[in-house]
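Have a look at the structure below, then the notes.
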Amino acid sequence: MGTLAKSGINRRFFLRAAGLGAGAAALAACGSQQPATGKVTPTPSTSGPPGSAPASSAAAPVPMDYAALRAKLAGSLVTPDDSGYASARKSYNPLYDGRRPGAVALCANASDVAACVSAAVASGTPIAARGGGHSYVGASTPDGSLVVDLGKLSTVDVRSDGTVVLGPGARLGDVYSALAGAGRALPAGSCPTVGVAGLALGGGIGVLARKYGLTCDRLAEATLITPDGVTHTVNAGSEPDLFWALRGAGGGNLGIVTSFTFDTVPAPATTVFTLTFPAGSVSSVLGAFQHWIAAAPDEMWATCNISTAGSPSCRISGCYLGAPGAAGDLLNQLVSPAGAQPSSRFVEGRSYGSAMKFFAGSGAKEAFVASSRVLSAPVSDPDPIVAACTRPGMNVIFDGLGGQVGRVAATDTVFPHRSALATVQIYQKTTSSAQASAAAQVTATRDQLTGVLGAGAYVNYLDTSTPKSDYYGGNLDRLRSIVGKYDPDGVFSTLG
């Protein structure tokens, strides 16, 4: 992975939501889509006014006519016989390079998306949207599916009223560059190649979260195409159930979003930092970190990354919205109770745009398996946590929450972990040949942490064996009810 350097942080040692993942915009990738089931029953293209429940159809599916679909698209359709298929079918994680969708639609506009949805529904073809393609379980490129690639819908329109209108294929690197140029900011993840769609629809944890909330908290409006072919404009005053579901559900549960409008904030002056601690100090540093981040001002955000590449060690990295001197004083309040001096310390003031580049890393493809837990509150004895995080070649990353994230009620959006101290990402690089053993290690670590921390998981760090209630908590029943209204035949949803 390399080491943390003054020039930046390796993106997978510093994952965000989506970190991350933003794999797709079908409510909502970024590692947050559920695996495709292949169960698609046709529904009418329109079954009532927007907001009405689409009726289930008993009509038999008609086999997909890809030639007819191609003729309807302003963009292009790539099938296995086309020369560009080998490239078009690949997403971020090389573990899924062997996936063979039935076709990949490189959509040029929202009408292309609607045509793809209608064709998939009519033919019973599994469908998946793909934004950044970072889905942790490869859900944005299922075998035999119609992949709706949104990469060309990547507009970034920063407006004078402080909002930004984003296409579902917009990547974070481009979003940050445009916002920085206009003196604005949006709280979001760190990896520049992650799509904003999957990140936001699953919640969206990032370096500005404690001051400005999750990415989904800044969502003002979205345009969504549901399985019945209806286009919905969704905001707090229009179809509030859909608006609620778009903020944190993940899982590809309702349709495909074709446009997002976010409220932005003035770009803050920032200080970035990293403290690297030696092997043998992990328990004391993690113990101190828990209490320190809980008491920190909203302007301070940080992550504690436990690495087992060799002897277990840890690193505290983050961002302070203020001057380096004030950041240094706050960091001293962490180091003193940690009982260990960092082997390296880097603190530097940067502009917002420069800070986002510092956290970006290369965005290069990387094979990995991952899972997550949630740290609800400081634990009195961190040793059992550390004991769970010592399997070789693994990173366990504690991303601080609190601040503005916790001032939103747990039921106001689908993201339920509003009172939590941190999300915990369990991440391991691997290869195709070692995937099974790496997945077993990640699962064992997750289960061991469950015994210490309890249940709870972040849907943008999806794995297929975590119960859905861990992702959604008390919001699961309401989410299922909304999904049952707008996607009764399970075109997108696997919530059941």
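One table, with the values for the structure above:
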| item | result |
| --- | --- |
| Number of positions in region 248-290 that are charged (D, E, K, R) and closer than 22 Å to L375 by Cβ | 0 |
| Enumeration of residues in region 281-310 that are among the aromatic types (F, W, Y) and free of Cβ contacts under 8 Å to residues at least 60 places away in the same chain | W292 |
| Filter result for Y461 (touching a residue at least 12 places away in the same chain (Cβ under 8 Å) and in contact with a Lys or Arg (Cβ under 9 Å, 6 or more places away or on another chain)) | no |
| Hits in region 252-263 (condition: open to solvent by 10 Å² or more (accessible area, probe 1.4 Å) and closer than 18 Å to V408 by Cα) | D263 |
| Exclusive hit being part of a helix (DSSP H, G or I), in contact with a Pro (Cβ under 6 Å, 6 or more places away or on another chain), touching a residue at least 24 places away in the same chain (Cβ under 8 Å) and within 26 Å of G202 (Cβ to Cβ), set V121, V117 | V121 |
| Test: residue in region 464-479 that is crowded, with 23+ Cβ neighbours inside 10 Å and at pLDDT below 95 | no |
| Residue within region 308-315 that is farther than 29 Å from M394 by Cβ, open to solvent by 30 Å² or more (accessible area, probe 1.4 Å) and among the hydrophobic types (A, V, I, L, M, F, W, C) present | no |
| Qualifying residue in region 53-66 (condition: open to solvent by 10 Å² or more (accessible area, probe 1.4 Å) and modelled with pLDDT of 95 or more) | yes |
| Flag if Y427 is within 30 Å of F243 (Cβ to Cβ), open to solvent by less than 20 Å² (accessible area, probe 1.4 Å) and either in contact with a helix residue (DSSP H, G or I) (Cβ under 9 Å, 6 or more places away or on another chain) or basic (K, R) (or both) | no |
| From the options W301, W292, residue that is surrounded by 23 or more Cβ atoms within 10 Å (Cβ to Cβ), farther than 30 Å from F492 by Cα and touching a Gly at 6+ places or on another chain (Cβ under 6 Å) | W301 |
| Count - residues of region 311-328 that are in contact with a helix residue (DSSP H, G or I) (Cβ under 7 Å, 6 or more places away or on another chain), touching a residue at least 60 places away in the same chain (Cβ under 8 Å) and over 15 Å from I385 (Cβ atoms) | 2 |
| Residues of region 80-91 classified as more than 19 Å from S433 (Cβ to Cβ) and either crowded, with 17+ Cβ neighbours inside 10 Å or over 28 Å from the mean Cα position of the chain (by Cα) (or both), total | 7 |
| Single residue of G181, G138, G195 found to be under 30 Å from P268 (Cα atoms) and either aromatic (F, W, Y) or within 19 Å of the chain's Cα centre (by Cα) (or both) | G195 |
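Every residue, every condition in (1) out of contact with any strand residue (DSSP E or B) (no Cβ under 8 Å at 6 or more places or on another chain); (2) hydroxyl-bearing (S, T, Y); (3) in contact (Cβ under 8 Å) with a residue 40 or more places away in the chain; (4) open to solvent by 10 Å² or more (accessible area, probe 1.4 Å), yes or no:
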residue: L331; (1), (2), (3), (4): no, no, yes, no
residue: A340; (1), (2), (3), (4): no, no, yes, yes
residue: R345; (1), (2), (3), (4): no, no, yes, yes
residue: R350; (1), (2), (3), (4): no, no, yes, yes
residue: E366; (1), (2), (3), (4): no, no, yes, yes
residue: V369; (1), (2), (3), (4): no, no, yes, yes
residue: L375; (1), (2), (3), (4): no, no, yes, no
residue: P392; (1), (2), (3), (4): yes, no, yes, yes
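The values are calculated or read from the model by the stated rules, or taken from the named source; none is laboratory data. Keep in mind it's a predicted model, so treat the numbers as computed, not measured. Note that each Cβ is placed from the backbone with ideal geometry, even for glycine, and that neighbours are counted across all protein chains shown. Please note that ligands, DNA and RNA were not included when accessible areas were found on the heavy atoms of the full protein model with its side chains. Shrake-Rupley method; radii C 1.70, N 1.55, O 1.52, S 1.80 Å.
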